[in-house]
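> Here it is, the structure in full.
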There are 4 protein chains.
Amino acid sequence: MVVEKACILRRLLKSCLVQRPACLSTSATMAKSKFEYVRNFETDDSCLRNCYIVVRLDGRNFHKFAEHHTFLKPNDGRALGLMTHSARCVMAELEDVVIAYGQSDEFSFVFKKTSTLFKRRASKLMTHVVSQFSSSYVFYWREFFGDQPLLYPPGFDGRVVLYPSNRNLRDYLSWRQADCIFTNLYNTVFWALVQKGGLTSAVSVVLLKGTLAADKNEILFSEFNVNYNNESAVHRKGTILIWERQEETVKKRTKSPREEKETDATVTRSRRRVQEHHCDIIGEQFWQEHPDILEQDGP
Amino acid sequence: MVVEKACILRRLLKSCLVQRPACLSTSATMAKSKFEYVRNFETDDSCLRNCYIVVRLDGRNFHKFAEHHTFLKPNDGRALGLMTHSARCVMAELEDVVIAYGQSDEFSFVFKKTSTLFKRRASKLMTHVVSQFSSSYVFYWREFFGDQPLLYPPGFDGRVVLYPSNRNLRDYLSWRQADCIFTNLYNTVFWALVQKGGLTSAVSVVLLKGTLAADKNEILFSEFNVNYNNESAVHRKGTILIWERQEETVKKRTKSPREEKETDATVTRSRRRVQEHHCDIIGEQFWQEHPDILEQDGP
Amino acid sequence: MVVEKACILRRLLKSCLVQRPACLSTSATMAKSKFEYVRNFETDDSCLRNCYIVVRLDGRNFHKFAEHHTFLKPNDGRALGLMTHSARCVMAELEDVVIAYGQSDEFSFVFKKTSTLFKRRASKLMTHVVSQFSSSYVFYWREFFGDQPLLYPPGFDGRVVLYPSNRNLRDYLSWRQADCIFTNLYNTVFWALVQKGGLTSAVSVVLLKGTLAADKNEILFSEFNVNYNNESAVHRKGTILIWERQEETVKKRTKSPREEKETDATVTRSRRRVQEHHCDIIGEQFWQEHPDILEQDGP
Amino acid sequence: MVVEKACILRRLLKSCLVQRPACLSTSATMAKSKFEYVRNFETDDSCLRNCYIVVRLDGRNFHKFAEHHTFLKPNDGRALGLMTHSARCVMAELEDVVIAYGQSDEFSFVFKKTSTLFKRRASKLMTHVVSQFSSSYVFYWREFFGDQPLLYPPGFDGRVVLYPSNRNLRDYLSWRQADCIFTNLYNTVFWALVQKGGLTSAVSVVLLKGTLAADKNEILFSEFNVNYNNESAVHRKGTILIWERQEETVKKRTKSPREEKETDATVTRSRRRVQEHHCDIIGEQFWQEHPDILEQDGP
């Protein structure tokens, strides 16, 4: 074997000296460099510095997707669980995401103001988020839907929005949670009327037109004996994901310098983990309890 | 049941007349509209008209991904097949893609100049392509890798580039194919030296440094008795996907107006399908044979 | 003097060796570099390659400006002359402008597709055009308005638009000329009704509402004995500026190698100059007569 | 005259009913609408909300311009005065500018965060600033240079930069003032060496290479008996323009309701005016004294 290798080496080195027509041998390299000018058509889309970068993704045609996969109405716990799990996968890959908020078939990821991930290039940030989310959604389907098969690969689209101040960012998140609150109450009443009240969709739509939150709460309570405030927080408030430090107790085998025999010590270690919340993020309390999520606006 | 429904309706209509403090009932709607200003922070990123829109995606950390999944070197037929199948899924969803070109862990999708899909918004176009590709890659893994499990969801990133003229677009595609030609020849020799020649990676790199295409062909031929031109076209040239009309023969049961009995007629029907090619796209021949891919640049 | 200089030099070189607290001496430099990060907030706005870059400028509040400076209605020859002269100044500064078109208080400048001026940065291109135009307008005012004073410095705003193909660019120029044709005919009739017909502005507006080009021509002819086609082309068609080669006859004093005495020879020399046209640019003729303005779109 | 007008009206109304071939009469309108699609090639370049918008302009080839117009070295009071006066014209036109800072041949204009001027379109903002500045520079030349003629119209270019926070904006302004401090000290020493010391430019450059601020101060003091700190603040610190409220005493003729005769009263009125400063803006003092320039970043 050693002999053989030596032969190869010797012959190869010799072949390097062989005279050959340059025109032929360099064609591929030449061709490539001739076309390389097309790279200059790429444009720089890096995000303005010192702004929060929000990537929001939405399920594409998820109304149909939900029907095809017989999602429960108004909320399907399995579907929401899979959305959240996929969002966790995104956060695990991209540590600069300081908070994510999801509801229904959408999820928003907030990158910290000072992030320099992918040189802040908008296209890289949004495609990476959407790609990781999409592949995770399919990959973990079975964990949430068991034997019910995924019929076709789903699609999500994404966008990037910048928010310069803490106020703007909080208002963005409040907007999405207000949308969740609003939509979920509507859907809860609507499906109660249809599923329990036996009304048609069309009639239910007409009935609900123009009703206010108080009306809907009243309908749920008086007609269906449902106290909306007792409904699950994940449905009413959506899902918040943030990084939190947690104390972990780990057993560690140590050997003291003086003694000769090993002992098992219990060590406490702090580790950052993604934690899930389903609370209000419109008011002050959440932000006071987690002061590290937002950066200070400055002087 | 009819009675019950009527009761619900009656009570609901009555409840609509109930007096209630406006301050409470409108809070959710008010809150939402108060935050809605944040939508104005979104920017318009629609692509310049009358240009080809190219979305290129690349596997993220696919060097590692290939190792973890023991892809064959230098080319893994299953992996390339899965890439191509995922690209087909993208084309099936987005009919404005006129040609796609893939090699290694990348794929480029070309939208026609006149496309108005997603109002030509760059973010929508690239995220949709990348999302559909990613979820398809996981969804169809089993079809290509059988029982070998996918260990974790892969990531792809994407970008958008505009090309104003046919010449620019063809040069872009030529650039990618020249890259394929160049890289694949290198990899073929490299892995021959390592796998068949028993050389280490480091030695092989040194040996190949500065060698030209002709050198590499010579090494393959004289050392390993391999005629590179007989290698598979899919590896040497990459994969081209285009829409082509095909005649289909369909049996159709018809009933002539005069006669009373039905007869089986054979009908020829033309249908657009995505076809796969592995030929040269740098020269003129391919474009002459498929004159419909590119639009005329005009007078 | 020489002695004095030597002294300065000697002392200066000595002073460079003086020990001083570094903290004090470097403060200015340090301060500057501490703030320099703000440069990274600038974004790259370079224009897509291989597209025509059009910079169009418009007079700001020129309706009022025209009133304040008693411009003649419907067209003021002096004002149009000054516009054109200012546009020539822009072209003299920026040779990559291949054609300019002006009418009323607007002017469009077309940069060639391959221009790399200011690295194709949109902000540089448009501000330079607008700045040169504005300062020229004030600078040359007296040449066109004589002793009538300029009452205040006028303002112009600008924008950049990209056109990928010759067809698009020609359609852009046709759009501006069609606007000129349309507007000028309207204004000619309107001011005839007011100035010669003695109608009020309000009545004239009502009368002209909904009239077609033929109606307006007819009114001019039958009421005011004006054949619109005999009106000045500069008003009806606007102003086109292009670079043209011209033969110049120059006297040159030469000395033939054989003879000893100098002689005056007449030499013909070709030179690029900006030429003014007032013809149709919507049809083919102009472009056939000046085939060098537009670049070929390529294969 | 009345009869004549009536005739015109009658005939015009009749002419509107005349039958004419539609193909001819509508051609101009049709042509225009046929081309109007080119408007869709314009892109939206509106600036991100809630950020300071800075437009900075720089003299183009001002090194040469200064030579041609024999500007005094190192600072020409007339030239700086004209720059500042032109900047005042810009501020008078654009009230959303909250502060402007100028030095040498550059000026920066800061639009307030909440400005909606020109819908925050970057191209409109920068071209308007640059245009107004350029035309004012020529218009007011005589007020500063008297009979010394302006030889040709000068050019300025501009750019737009966004700053999300007060800290960023203040650092931007500090950067420009630090540049002024740095450059002016250098120029003062350089021209002292050349003009008073009789050294050549080349020798002076070599001497100053690598010197620190303290060195330059020392050279000025020991060689030329100049205490740099006594030099004019406008040269050392540049020019700051801000809006300030001022009390004005105005005589007003009033007539009390009870009495019959008019009396002259002295009324105090507050008015916003652009005020000029030449102080430090890097430290805190200026900002504490003018707390209204910057908006609060918010909670």
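> What is segment A:146-234 by shape, rounded, prolate or oblate, if you read a ≥ b ≥ c off the alpha carbon gyration tensor as root eigenvalues and call it rounded for a/c under 1.5, prolate for a/b larger than b/c, and oblate otherwise? If you can, show how the numbers build up before the last one.
Numbers: a/c = 2.22, a/b = 1.34, b/c = 1.66.
Since a/c reaches 1.5 but b/c is at least a/b, the shape of segment A:146-234 is classed as oblate.
> Next question, about the same structure. Dipole of segment A:110-259 (Lys/Arg Cβ +1, Asp/Glu Cβ -1, origin at the Cα centre): which of A:S115, A:L150, A:V234 lies farthest to the positive side?
The listed residue farthest towards the positive side: A:S115.
> Looking only at other chains, what is the average number of their beta-carbon atoms within 10 angstrom of each beta-carbon in A:44-52?
That average works out to 6.
> Which distances, shortest first and in nm, link C:N40 to the matching position in the other copies, using label points set 7 Å out along Cα to C-beta?
The answer, with the shortest distance listed first, is 2.8, 3.0, 4.0 nm.
> Would you work out if the protein assembly as shown is rounded, prolate or oblate? Take a ≥ b ≥ c from the square roots of the eigenvalues of the alpha-carbon gyration tensor; rounded if a/c is under 1.5, else prolate when a/b is larger than b/c, oblate otherwise.
rounded
> Taking a label point 7 Å out from Cα toward Cβ, give me the nm distances from A:V203 to the same spot in the other copies, shortest first, one decimal.
The projected label point of A:V203 is separated from its counterparts by 6.7, 8.5, 10.5 nm.
> Shifting gears a bit: Say we join alpha carbon atoms closer than 10 Å with springs in a Gaussian network model of chain C; which of C:R39, C:R271, C:R60 then has the biggest fluctuation?
C:R39
> Now for a different question. Taking the dipole about the Cα centre of segment B:150-299, with the C-beta of Lys and Arg at +1 and of Asp and Glu at -1, give me whichever of B:L199, B:Y186, B:Q296 is farthest to the positive side.
B:Q296
> Now, a different point. Quick one: Karplus J couplings for segment D:39-54, per residue in order, coefficients 6.51, -1.76, 1.60, θ = phi - 60°, nearest Hz, x for Gly and Pro?
4, 5, 7, 5, 10, 7, 10, 6, 6, 3, 5, 6, 10, 5, 9, 9
> Using the beta-carbon distance between A:N187 and B:T249 and R0 = 60 Å, what value does 1/(1 + (r/R0)^6) give for FRET efficiency, to the nearest 0.05?
0.75
> Could you quickly flag the chain D residue whose beta carbon comes closest to the rotation axis taking D to B, and that distance in whole angstrom?
D:D44, 2
> Then there's this: What are the ³J(HN,Hα) values, in whole Hz, obtained from phi via the Karplus relation 6.51 cos²θ - 1.76 cosθ + 1.60 with θ = phi - 60°, for each residue of segment C:144-150 in sequence order, with x given for Gly and Pro?
10, 10, x, 7, 5, x, 7
> Quick one: of C:K32/D:K196; D:K196/D:K216; A:K32/B:K237; A:K124/C:K34, which pairs are farther than 18 Å apart, Cα to Cα?
Values: C:K32/D:K196 29 Å; D:K196/D:K216 15 Å; A:K32/B:K237 14 Å; A:K124/C:K34 29 Å.
Long pairs (Cα-Cα over 18 Å): C:K32/D:K196; A:K124/C:K34.
> Say we join alpha carbon atoms closer than 10 Å with springs in a Gaussian network model of chain A; which of A:L150, A:L125, A:L162 then has the biggest fluctuation?
Comparing A:L150, A:L125, A:L162 in the GNM, the peak value goes to A:L150.
> Label position 7 Å from Cα toward Cβ: report the copy-to-copy distances for A:W243 in nm, one decimal, ordered from shortest.
Those label-point separations list as 4.2, 4.5, 5.5 nm.
> Ordered by residue, what ³J(HN,Hα) values in Hz, to whole numbers, does segment D:268-274 give under the Karplus form 6.51 cos²θ - 1.76 cosθ + 1.60, where θ = phi - 60° and Gly and Pro are x?
9, 10, 9, 9, 7, 9, 7
> Report the FRET efficiency, 1/(1 + (r/R0)^6), for C:A92 and D:T116, where r is their Cβ-Cβ distance and R0 is 51 Å, rounded to 0.05.
On the way: r = 37 Å, r/R0 = 0.73.
The computed FRET efficiency comes out at 0.85.
> Do you know the relative contact order of segment C:103-255, to the nearest whole percent, from alpha carbon pairs under 8 angstrom that are 6+ apart?
23
> Over chain D, what is the relative contact order in percent, taking alpha-carbon pairs closer than 8 angstrom and at least six residues apart?
19
> Could you work out the relative contact order of segment D:115-198? I mean the mean sequence separation of Cα pairs under 8 Å and 6+ apart, divided by the number of residues, in percent.
Computed value for segment D:115-198: 23 percent relative contact order.
> Let's test this: bin the Cα-Cα distances of chain A at 10 Å from zero up to the farthest pair and state each bin's percent.
5, 19, 22, 18, 13, 10, 7, 3, 2, 0
> Let me ask another. Set Lys and Arg Cβ to +1 and Asp and Glu Cβ to -1, take the dipole of segment B:29-74 about its Cα centre, and tell me which of B:L72, B:S46, B:A31 lies farthest positive.
Most positive-ward Cα: B:L72.
> Name the residue, out of D:F156, D:F224, D:F145, whose mean-square fluctuation peaks in a Gaussian network model built on chain D with Cα pairs under 10 Å.
D:F224
> Continuing with this model, one more query. Among the aspartates and glutamates, which fall within straight-line cross-link reach of B:K252, defined as a Cα-Cα distance under 13 Å, with same-chain neighbours fewer than 8 residues apart omitted?
Counting by Cα, and skipping residues close in sequence, B:K252 has these aspartates and glutamates nearby: B:E262, B:D264.
> What does the charge dipole of segment B:109-254 about its Cα centre add up to, to the nearest 20 debye, if the Cβ of each Lys and Arg holds +1 and the Cβ of each Asp and Glu holds -1?
It comes to approximately 1060 debye.
> With a ≥ b ≥ c the root eigenvalues of the C-alpha gyration tensor of segment C:103-200, is it rounded (a/c under 1.5), prolate (a/b larger than b/c) or oblate?
On the way: a/c = 3.43, a/b = 1.37, b/c = 2.50.
Judged from the Cα gyration tensor, segment C:103-200 comes out oblate (a/c at least 1.5, b/c at or above a/b).
> What residues have an amide H closer than 5 Å to that of A:G155, excluding those fewer than 5 places away on the same chain, when H is modeled at 1.01 Å from N in the peptide plane?
Amide H neighbours of A:G155, under 5 Å, 5+ apart: A:R60.
> Moving on to the next point. Counting protein heavy atoms only and a 1.4 angstrom probe, how many square angstrom of accessible surface do chains A and B bury in total, to the nearest 100?
Summed over both sides, the interface buries about 7000 Å².
> Where does each of A:T43, B:T183 land when they are ordered by accessible area, with a 1.4 Å probe and the largest first?
A:T43, B:T183
The values are calculated or read from the model by the stated rules, or taken from the named source; none is laboratory data. Not measured: the values here are computed from a predicted model. Neighbour counts are summed over all protein chains in view; Cβ atoms, including those assigned to glycine, are modelled from backbone coordinates with ideal geometry. To get the accessible areas, we keep the full protein, side chains included, count just its heavy atoms, and leave off ligands, DNA and RNA. Shrake-Rupley method; radii C 1.70, N 1.55, O 1.52, S 1.80 Å.
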